[in-house]
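Participant: Have a look at the structure that comes next, please.
The values are calculated or read from the model by the stated rules, or taken from the named source; none is laboratory data. Small disclaimer: the values here were computed from a predicted structure and weren't measured. Backbone-built Cβ (ideal geometry, glycine too); neighbour counts: all protein chains shown. Areas reflect the complete protein model, heavy atoms only, side chains present, ligands, DNA and RNA absent. Shrake-Rupley method; radii C 1.70, N 1.55, O 1.52, S 1.80 Å.
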Amino acid sequence: MSAPRHGSLGVRPRKRAASIVARVRSWASVDESKPLGFPAYKVGMYHAIVVDNYPTSPTHGREVFRALTMLEAPPAVLVAIRYYGSDGVGGETSIGEVWTRNLPKSAARLLVPPKQAAKGIGASIKERASRVSLLLMTQPEKSGLSKKTPEIVEVPLGGKLSEQFVFESKLGKEIAASEVFSPPEVIDAIAVSRGKGYEGPVARFGIKVIQKKKAKKTKRGPGSDSPLTPSAVMSSVPRAGQMGFHNRVDLNVVIMEIKDKPEGMIPKAGFKHYGVPRSSLLVVEGSVPGATKRLVLLRKAVRSYTTVPKEVPEVQFVSVR
């Protein structure tokens, strides 16, 4: 008989995320000088009936059902610019950064504002710099959320290094999601998944419950902890522990629509568990990780293998309008 192991080894370790702000390990390589990501808040899901415009689809030209996720993306403030250079041993390290002199008032909830903001970065640092990153601060007070504490996310820039220095003039100004993405575009959604607490191996890995007549000590546990040799419990054995609240990445999500003025897209009573959005709305196809109100970091696709039509499909019906 075959008894394949349970649980994917590709998502280990199954432990709680260190921060509610998702961690990004890699970024795309883009020729255009743009931020490679943007933060947004998850509003909820709905559905629509659209005309399939994928050329190679079997349902091309026919009405199809599409599950959609709505994200609210209030404009982010560029609060700082960070410069990276060589560390001398083959890697890179931060060699300097400059902060805006006009930090938003909500920044005091997150950090201690510097007494004197830096006047700028010297020419020597710019000569040593190999790339530039932006520190973007969210503005939850401009969204439908009741929270007041913002988040700061670091987003690299694409394009040539000489073009990245131009963003110094935007320090302290707002950056909108429409300046980063343009539908239809393939992106990646990164967020911390919904937490479910401490769970046993049946719920956590989906192992079979042992029959009562065959169980000696436990029914909702593995039939065998490990082989006799080596005399240790192997890491692949399903054990109880944390389930959910993990850092997860959803690859190749298609942006269907970006609405700077969301009139007509919001129900009269608002969205369940969220409220009434007050900023730009992004509509993406499918689902994204995280619970409602969770911060989702959208980035340029790192390994896009999805062929997206050049135009947004024609919408016949939307469940929220």
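Participant: Express in Å², to the nearest 10, the accessible area of Lys126 obtained by rolling a 1.4 Å probe over the protein heavy atoms while all chains stay in place.
Facilitator: Counting only protein heavy atoms, the figure is 60 Å².
Participant: So, in the stretch 129-221, how many Lys pairs have Cα atoms under 29 Å apart, if the pair is 8 or more places apart or on different chains?
Facilitator: So the count works out to 18.
Participant: Still on this structure, please answer the following. Going by the alpha-carbon gyration tensor, a ≥ b ≥ c the square roots of its eigenvalues, is the chain rounded (a/c under 1.5) or, if a/c is not under 1.5, prolate (a/b greater than b/c) versus oblate? Please report the intermediate quantities before stating the final value.
Facilitator: Details: a/c = 1.85, a/b = 1.31, b/c = 1.41.
Since a/c reaches 1.5 but b/c is at least a/b, the shape of the chain is classed as oblate.
Participant: Separation between the Val89 and Phe65 pseudo-spin-labels, each 7 Å from Cα along Cα→Cβ, expressed in nm?
Facilitator: Computed distance between label sites Val89 and Phe65 equals 5.6 nm.
Participant: A further question follows. What does the accessible area of Phe167 come to, in Å² to the nearest 10, when a probe of 1.4 Å is used?
Facilitator: Using a 1.4 Å probe on the heavy atoms, I get roughly 20 Å².
Participant: What's the carbon and sulfur percent of the stretch 1-142's accessible surface, probe 1.4 angstrom, rounded to a whole number? Please report the intermediate quantities before stating the final value.
Facilitator: On the way: 4210 of 8110 Å².
Looking at the stretch 1-142 in its full context, I get 52 percent from C and S.
Participant: Applying a 10 Å radius around every beta-carbon, put 145-154, 33-42, 12-21 in order of their mean neighbour count, most first.
Facilitator: Most protected by this proxy first, the peptides run 33-42, 145-154, 12-21.
Participant: Take the Cα of Leu9, step 7 Å along the line toward its Cβ, and report every residue of the stretch 214-247 whose backbone nitrogen sits under 13 Å from that point.
Facilitator: Answer for the stretch 214-247: 234-238.
Participant: Then there is this: Just to confirm a number: summing +1 for Lys and Arg and -1 for Asp and Glu over residues other than Leu251 whose beta-carbon lies under 10 angstrom from that of Leu251, what do you get? Provide the component values of the computation, followed by the final result.
Facilitator: Numbers: positive: Arg303; negative: Asp188, Asp250.
Around Leu251, the charge tally is -1.
Participant: Rounded to the nearest Å, what's the spacing between the alpha carbon centres of the stretch 147-166 and the stretch 249-320? Just the number, please.
Facilitator: Answer, in whole Å: 22.
Participant: Then there is this: Please count, across the stretch 19-121, the pairs of lysine residues with Cα atoms under 25 Å apart that sit 8 or more places apart or on different chains. Intermediate results must be reported in sequence, preceding the final value.
Facilitator: Values: Lys34/Lys42; Lys34/Lys119; Lys42/Lys105; Lys105/Lys115; Lys105/Lys119.
For the stretch 19-121, qualifying lysine pairs total 5.
Participant: I'd like the accessible area for Arg220: 1.4 Å probe, protein heavy atoms, all chains in place, Å² to the nearest 10.
Facilitator: Number for this one is 140 Å².
Participant: Also, I was wondering about something else. If you average 1/r over every pair of different alpha-carbon atoms in the stretch 177-268 and take one over that average, what Kirkwood value in Å do you get?
Facilitator: Values: mean 1/r = 0.0561 Å⁻¹.
It works out to 17.8 Å.
Participant: Please list Ser231, Ser319, Ser106 in order of solvent-accessible area, largest first, computed with a 1.4 Å probe with all protein chains present. Present the calculation step by step, with values, prior to reporting the outcome.
Facilitator: Values: Ser231 110, Ser319 50, Ser106 15 Å².
So, going from the largest accessible area down, we get Ser231, Ser319, Ser106.
Participant: Here's something else I'd like to know. Please compute the per residue accessible area over the stretch 1-151 with all protein chains in place, 1.4 Å probe, rounded to a whole number of Å².
Facilitator: Details: 8530 Å² over 151 residues.
Accessible surface, normalised per residue, equals 57 Å².
Participant: Among rounded, prolate and oblate, which fits the stretch 122-251 when a ≥ b ≥ c are the square roots of the eigenvalues of its C-alpha gyration tensor, a/c under 1.5 means rounded, and a/b larger than b/c means prolate?
Facilitator: Prolate.
Participant: Scan the stretch 243-321 for GluC sites (Glu not before Pro) in coil per DSSP, keeping those whose Cβ has at most 11 other Cβ atoms within 10 Å, and list them by number. Mind showing how you got there, number by number?
Facilitator: Values: sites: Glu257, Glu263, Glu285, Glu311, Glu314; in loops: Glu263, Glu311, Glu314.
In loop regions of the stretch 243-321 (DSSP not H, G, I, E or B), the sparsely surrounded GluC sites (Glu not before Pro) are Glu263, Glu311, Glu314.
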